[in-house]
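Colleague: One structure, pasted below without further comment.
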Amino acid sequence: MITFYPGPSRVYDKVPEYVRQAYDEGILSINHRSPEFMSLLEGTNQLVKKKLNVPDDYQIFYLSSATECWQVIAQSYSGLSYHFYNGAFGKKWFESTKKIKPLTIGYHYDMNKVLNLSELDLSGEDGLICLTQNETSNGTCISNKRIAKIRKEYPYHIIAVDATSSLGGTKLNIENADIWYASVQKCFGLPAGMSIMICSPYALESRNDCRKYYNSLNAIVENAAKSQTTHTPNVLNLYLLNKVLSNVKNVSKISQVLNERMTAYLDFFSTKSELTPLISNPKVRSQTVLVLQGNPELIVKLKGEAKEEGIILGNGYGEYKNGTFRIANFPAIKNKEINLLIEFLDKSIN
Ligand SMILES: *Cc1c(COP(=O)(O)O)cnc(C)c1O
């Protein structure tokens, strides 16, 4: 089966080999307070920084999921939390924060429009600005330029960015925001069960002193200072991330490749009248998740026929469940798999 699902998604072919290596090296049974673990963690931090162009003074943490990052952020910052969203994941982040913090404000904006700074009606002089850089449900993104503008306009707010389906695939200017996070089952081509959170010095010094939870940022930071974690972590996934990052190119290169692939997809679909990209504005169209809309019956038929040929298309998400399907444009997917998909679609649609 070739999967184009945008998470969990295709894992790298080498994953089974790395799992075997982890077993043979005894990694699966090492103590997470041991020097072996600490050096694995430090090595992985360095690779994350190098391959994703993370500024030197930012710190890297490993949590269990993007959803856990929502919770950690909500319980670690006391001020207002402003959420700007145009789709299902951004909305879920807003709703999950609201359960923890009463001072949470959500602004919905049009998915075909660039997030407009004048829509940012922030009453407080500080607080969190929460953005979903790549909205996996509708295939939109927020550009580096736009995030840089927000940074400039709001230097004292903590800017937190959900980059779950773009970190590792899209070139992101990490210095323009304070908190970035992603889980590894999207652009890192790994099995689910771990997330990466990247924090600026400003994010770390602004955290509150909440110690009620095992996953308070305080506990996470204190453990990370010793190259350790608050609990027994997903050592296997950390090892796999280390291996994958050792073998991939810098994200700037990966981003170029994904951009070319996306252009090829869009050129192809421009010749097909039965399917159109859900997002018509190229300025906000994601580079890593393509959402196509068409007649719901055609979409059911296409997904069924694709499956018979060994190709899994991503279901539409949330309110777009029936009228769309999704194609992940993630780094682990191979050119020859994309060619097979295009061949299949070419013969199946007008
Ligand atoms: C997949 C996804 C999540 C949730 O990730 P988990 O690892 O399941 O917590 C959150 N935000 C976005 C944008 C996503 O694509």
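Coordinate-derived values only; no laboratory data. Here the structure is a predicted model, which means the values were calculated and not measured. FYI the Cβ positions are ideal-geometry reconstructions off the backbone, even for glycines, and counts take in every protein chain you see.
Colleague: For the pair residue 280 and residue 348, what calculated FRET efficiency results from E = 1/(1 + (r/R0)^6), where r is the Cβ-Cβ distance and R0 = 30 Å, to the nearest 0.05?
Modeller: My answer for the efficiency is 0.85.
Colleague: If you plug each phi of region 258-264 into the Karplus form 6.51 cos²θ - 1.76 cosθ + 1.60 with θ = phi - 60°, what whole-Hz ³J(HN,Hα) values come out, in order, with x for Gly and Pro?
Modeller: 5, 5, 5, 5, 5, 4, 5
Colleague: Would you work out which of 157, 184, 170 lies farthest towards the positive end of the dipole of region 154-225, given +1 charges on the beta-carbon of Lys and Arg and -1 on that of Asp and Glu, about the Cα centre?
Modeller: Value computed over the given set: 184.
Colleague: While we're looking at this one, here's another question. Say the dipole of the chain comes from +1 at the beta carbon of Lys and Arg and -1 at that of Asp and Glu; which of 26, 329, 348 then lies farthest toward its positive end?
Modeller: It is 348, whose Cα lies furthest towards the positive end.
Colleague: Output the pairs from 51/99; 92/149; 226/253; 171/243; 51/98 with a Cα-Cα distance over 31 Å in this structure; if there are none, say none.
Modeller: 51/99; 226/253; 51/98
Colleague: Starting at the first residue of region 185-192, write each ³J(HN,Hα) from the Karplus equation 6.51 cos²θ - 1.76 cosθ + 1.60 with θ = phi - 60°, in whole Hz, x for Gly and Pro.
Modeller: 7, 10, 6, 8, x, 10, x, 5
Colleague: Also: Report the charge-dipole magnitude of region 190-260 in Debye, nearest 20, computed about the Cα centre from +1 at each Lys and Arg Cβ and -1 at each Asp and Glu Cβ.
Modeller: Using Cβ point charges on Lys, Arg, Asp and Glu, region 190-260 gives about 120 debye.
Colleague: Mind checking the dipole of region 263-350: about its Cα centre, +1 per Lys or Arg Cβ, -1 per Asp or Glu Cβ, Debye to the nearest 20?
Modeller: The calculation lands at about 260 debye.
Colleague: About its Cα centre, what dipole magnitude does the chain give when the only charges are +1 on Lys and Arg Cβ and -1 on Asp and Glu Cβ, stated in debye to the nearest 20?
Modeller: 200 debye
Colleague: So what are region 122-173's ellipsoid semi-axes, whole angstrom, largest first, if each one is the square root of 5 times an eigenvalue of the alpha-carbon gyration tensor?
Modeller: Square roots of five times the eigenvalues give 22, 12, 9 Å.
Colleague: For region 106-256, taking Cα atoms only, what is the radius of gyration to one decimal and the Dmax to the nearest whole Å?
Modeller: Taking only Cα atoms of region 106-256, I get Rg and Dmax of 16.5, 46 Å.
Colleague: Kirkwood hydrodynamic radius of the chain from all distinct Cα pairs, in Å?
Modeller: The answer is 20.8 Å.
Colleague: To make sure I understand the rule: partners must be lysines, Cα under 17 Å from the Cα of residue 301, and not fewer than 8 residues away in the same chain. Which ones qualify?
Modeller: Within reach: 272, 321, 347.
Colleague: Kirkwood Rh over Cα pairs of region 270-309 into Stokes-Einstein at 4 °C, 1.567 mPa s: D in µm²/s?
Modeller: In µm²/s, the coefficient is 113.
Colleague: Could you please tell me the mean projected area of the C-alpha convex hull for region 304-350, averaged over all directions and given in square nanometres to one decimal?
Modeller: If you wrap the Cα atoms of region 304-350 in a convex hull and average its projections, you get 3.8 nm².
Colleague: Across the Cα atoms of region 178-300, what radius of gyration and what greatest pairwise Cα-Cα distance (Dmax) are found, in Å?
Modeller: Rg, Dmax (Cα atoms, Å): 20.0, 57.
Colleague: Sequence-distant or interchain residues sharing an amide H contact under 5 Å with residue 312, placed H: which?
Modeller: 2, 3, 4
Colleague: A further question follows. With Cβ to Cβ distances under 14 Å as the rule, what net charge do the other residues near residue 198 carry (K, R +1; D, E -1)?
Modeller: Neighbourhood net charge equals -2.
Colleague: Then there's this: Multiplying the sequence separation of residue 57 and residue 337 by 0.36 nm and subtracting their Cα-Cα distance, what value in nm do you get?
Modeller: Taking 0.36 nm per residue and subtracting the Cα distance, the gain is 96.9 nm.
Colleague: At 7 Å along Cα-to-Cβ for each site, give me the label-to-label distance between residue 272 and residue 116 in nm.
Modeller: So the two model labels end up 3.4 nm from each other.
Colleague: May I pose another question? Under the definition of Cα pairs under 8 Å and six or more residues apart, what whole-number percent is the relative contact order of region 164-237?
Modeller: Across region 164-237, relative contact order equals 23 percent.
Colleague: Rounded to the nearest 5, what % of DSSP beta bridges with both residues in the chain are antiparallel?
Modeller: 50 percent
Colleague: Also: Which of the trypsin sites (Lys or Arg not before Pro) found in region 112-199 are loop residues per DSSP with 13 or fewer other Cβ atoms within 10 Å of their Cβ?
Modeller: Answer in residue order: 113.
Colleague: Please pull out the direction-averaged projected area of region 14-170, using the convex hull of its alpha-carbon atoms, in nm² to one decimal place.
Modeller: In nm², the orientation-averaged hull projection of region 14-170 is 11.3.
Colleague: If the viscosity is 1.567 mPa s and the temperature 4 °C, what translational diffusion coefficient in µm²/s does Stokes-Einstein give for region 118-207 when Rh comes from Kirkwood over Cα pairs?
Modeller: The Stokes-Einstein estimate is 95 µm²/s.
Colleague: Under 8 Å for C-alpha pairs, at least 6 residues apart: give me the relative contact order for region 10-126, rounded to a whole percent.
Modeller: Reported as a whole number, the value is 17 percent.
Colleague: Please work out how much length the chain gains when fully extended from residue 309 to residue 152, using 0.36 nm per residue of separation minus the C-alpha to C-alpha distance, in nm with one decimal.
Modeller: Using 0.36 nm per residue and subtracting the Cα-Cα distance, I get 51.6 nm.
Colleague: Around residue 129, which amide H atoms from residues at least 5 apart in sequence, or from another chain, sit under 5 Å from its own amide H, with H modelled in the peptide plane?
Modeller: Excluding prolines and chain starts, which carry no amide H, the hits are 82, 158, 159, 160.
Colleague: With all distinct Cα pairs included, what does the Kirkwood hydrodynamic radius of region 239-350 come out to in Å, to one decimal, could you say?
Modeller: This gives a value of 15.1 Å.
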